[in-house]
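J.: One structure, pasted below without further comment.
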Amino acid sequence: MAAGSVWAVLLAAALVLPGAVRGGQGRPRLLGAPVEIENAGNDEGLQRALHFAMAEYNKASNDMYSSRVVRVVSAQRQIVSGIKYIMEVEIGRTTCAKPAADLQSCAFHDTPQLAKHTICNFVVYVVPWLNQIKLLDSSCQ
């Protein structure tokens, strides 16, 4: 009977462990693995990271107009020695010439020759307790 209960415990562990590693619905996730941010508009940390990424993008861009986010396609948060935000966003050219003080009040160009929408991937590393923020990666298509 003792051998039977050992097998039952091993069987139960074999069924539970793969779910813990994959991190399914209601199951634990691996520590340090990226996690989807479901409501990007209400995530304060993500919004700060996105604002920083767009400021850096606009500084580096040779365009005479500022760009801003049209929509967040996807966003993830990864806890490392700080917080890494991994974002895919659609950005659009605004009617505001650089440098624009308040991008949110800038309208997007609607004429076809000036309207420009691009998909960009940003990785921003934040260490809130040290007040540090850094753009690790920026690529647009």
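J.: Tell me, what is the FRET efficiency for residue 47 and residue 114 to the nearest 0.05, using R0 = 35 angstrom and their Cβ-Cβ distance as r? Working shown, then result.
T.: Details: r = 27 Å, r/R0 = 0.77.
Between residue 47 and residue 114 the formula returns 0.80.
J.: Also, quick follow-up: So, counting K/R as plus one and D/E as minus one, what does the shell of residues with Cβ under 13 Å around residue 108 add up to?
T.: Numbers: positive: 68, 71, 93, 116; negative: 90, 110.
After counting each charged neighbour, the total is +2.
J.: Then there is this: Order of 44-52, 60-68, 102-110 by packing, highest average Cβ count within 10 Å first?
T.: Working: 44-52: 17.0, 60-68: 15.2, 102-110: 12.6.
Peptide ranking by packing, descending: 44-52, 60-68, 102-110.
J.: How big is D for segment 52-92, in µm² s⁻¹ as a whole number, if Stokes-Einstein is applied with the Kirkwood radius of its Cα pairs at 25 °C and 0.890 mPa s?
T.: 212 µm²/s
J.: Using Cα-Cα distances under 8 Å and only pairs 6 or more residues apart, what relative contact order does segment 58-100 have, in percent? Working shown, then result.
T.: Details: 62 pairs, mean separation 19.9, N = 43.
Relative contact order of segment 58-100: 46 percent.
J.: Can you tell me the FRET efficiency between residue 101 and residue 80 if r is taken as the Cβ-Cβ distance and R0 is 25 Å, rounded to the nearest 0.05? Present the calculation step by step, with values, prior to reporting the outcome.
T.: Details: r = 33 Å, r/R0 = 1.32.
About 0.15, to the nearest 0.05.
J.: Still on this structure, I have one more. For residue 74, what is the net charge nearby, where nearby means another residue's Cβ is under 13 Å from its Cβ and Lys, Arg count +1, Asp, Glu -1?
T.: Working: positive: 71, 77; negative: 36, 38, 43, 88, 90.
So the surrounding residues net to -3.
J.: Ok, one more. Once the Cβ-Cβ distance between residue 59 and residue 39 is put in as r, and R0 is 35 Å, what FRET efficiency do you end up with, to the nearest 0.05?
T.: 0.80
J.: May I pose another question? How do 90, 36, 56 rank by accessible surface area computed with a 1.4 Å probe, from largest to smallest?
T.: Order by accessible area, largest first: 36, 56, 90.
The values are calculated or read from the model by the stated rules, or taken from the named source; none is laboratory data. In this text, all values refer to a predicted model and were calculated from it rather than measured experimentally. Cβ sites come from the backbone with ideal geometry, for glycine too, and all protein chains shown count toward neighbours. What goes into the accessible areas is simple: the full protein's heavy atoms, side chains included, and nothing from ligands, DNA or RNA. Shrake-Rupley method; radii C 1.70, N 1.55, O 1.52, S 1.80 Å.
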